Amino acid sequence: MKAFAGIIICFLVLIPTANGQVTLPFEEGLLQQDVRRQTHLSLTAQGERESKSVPLAVLLSLALPGLGEWYVGNFETGKYFLITDGTLWITYATFKSRGDWLRSDSRSFATQHAQANFSGKEDRFAVNIGEYRTVDDYNQARLRNRQFDQLYTDASQAWWWISDEHRRQYRSMRIRSEQMYQNAKFVVAGLVINRLASAFYAGRAAARAGVRAEAGWRMNAGTDPRDAHGIVVTISTTL
């Protein structure tokens, strides 16, 4: 403990010498005797943060944005990625549920006012019945364009709108449902971008943590052979 106290006092009154070392002069006494008995003392302090795995940080952020930042101890940034992810998922669910509701409602409307049967039909059928008042009008247009492979000949493919007003109303509902689905696709793109951005920042933070883990400093102290009344303190750093 006496030797350690002597080293602490050195930092308070260090006097640099011409060769860049630091010499502490002192009077004869207890401190001088303790330093001479402990002719060489070495203290080392390593970086406080341990090394983090970059691949693991990236994978965690790809799975859940912000999780990789939490792993490397940088959740102050990661929390924004996490909040963004949650907001985007809520937005996606809203657009998707709204699109499902509009699609279901529009098809129920077409079944009621055009006797349309959507069972086993592709999405193109739902588009076509909104463009033509009856199946005969649709088939005539296909024949004029020589698109014989697109004709509707089965009885289950028939429809006839009570009025054009009903047809236009159905068409508007169907278009709105498609817009909701398109908005949901944009949100999915946002989810992907948010994950990539979080993974990038988490990987960079993990790499920096690894560099800091290798950094440290070293202090060596001992008696000065050129001066019987002083000690030499040398401080070195590793980056």
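The values are calculated or read from the model by the stated rules, or taken from the named source; none is laboratory data. Because the structure is predicted, anything quoted here is derived from the model rather than measured. Glycine gets a Cβ as well: all are built from the backbone with ideal geometry, and neighbour counts include every protein chain shown. What goes into the accessible areas is simple: the full protein's heavy atoms, side chains included, and nothing from ligands, DNA or RNA. Shrake-Rupley method; radii C 1.70, N 1.55, O 1.52, S 1.80 Å.
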Reduced to Cα centres, the span from region 148-187 to region 52-109 in Å works out to 32 Å
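Which percent of the accessible area of region 142-194 is formed by carbon and sulfur heavy atoms (probe 1.4 angstrom)?
Here it works out to 53 percent.
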Enumerate the residues in region 96-131 having an amide nitrogen under 18 Å from the point lying 7 Å beyond the Cα of Asp149 toward its Cβ.
-> 122-125
Can you give the extra length, in nm with one decimal, that the chain gains between Phe200 and Lys185 once fully stretched, where that is 0.36 nm per residue apart less the Cα-Cα distance?
-> 3.1 nm
Would you please classify the overall shape of region 128-168 from the alpha carbon gyration tensor, given that a ≥ b ≥ c denote the square roots of the eigenvalues, rounded means a/c under 1.5, and beyond that prolate means a/b larger than b/c while oblate covers the rest?
-> oblate
Could you list the residues of region 164-189 with an amide nitrogen less than 13 Å from a label point located 7 Å from the Cα of Gln112 in the Cα-to-C-beta direction?
-> 166, 170
Result for region 106-165: accessible area per residue, probe 1.4 angstrom, in square angstrom, of 61 Å²
So, counting K/R as plus one and D/E as minus one, what does the shell of residues with Cβ under 12 Å around Arg107 add up to?
-> 0
3J(HN,Hα) from dihedral phi, region 96-105, Karplus parametrisation 6.51/-1.76/1.60, rounded to Hz, x for glycine, proline | 5, 5, 5, x, 4, 5, 5, 5, 5, 5
Residues whose placed amide H lies under 5 Å from that of Lys52, excluding near-sequence neighbours = Gly210
From the backbone phi of region 111-125, what are the Karplus-calculated ³J(HN,Hα) couplings (6.51 cos²θ - 1.76 cosθ + 1.60, θ = phi - 60°) in whole Hz, Gly and Pro given as x?
-> 5, 6, 10, 9, 6, 7, 10, 8, 5, x, 9, 7, 4, 5, 4
Tell me, what HN-Hα J-couplings in whole Hz come from the Karplus equation 6.51 cos²θ - 1.76 cosθ + 1.60 at θ = phi - 60° for each residue of region 175-190, using x for Gly and Pro?
-> 5, 5, 5, 5, 5, 5, 5, 5, 4, 5, 5, 5, 5, 4, 4, x
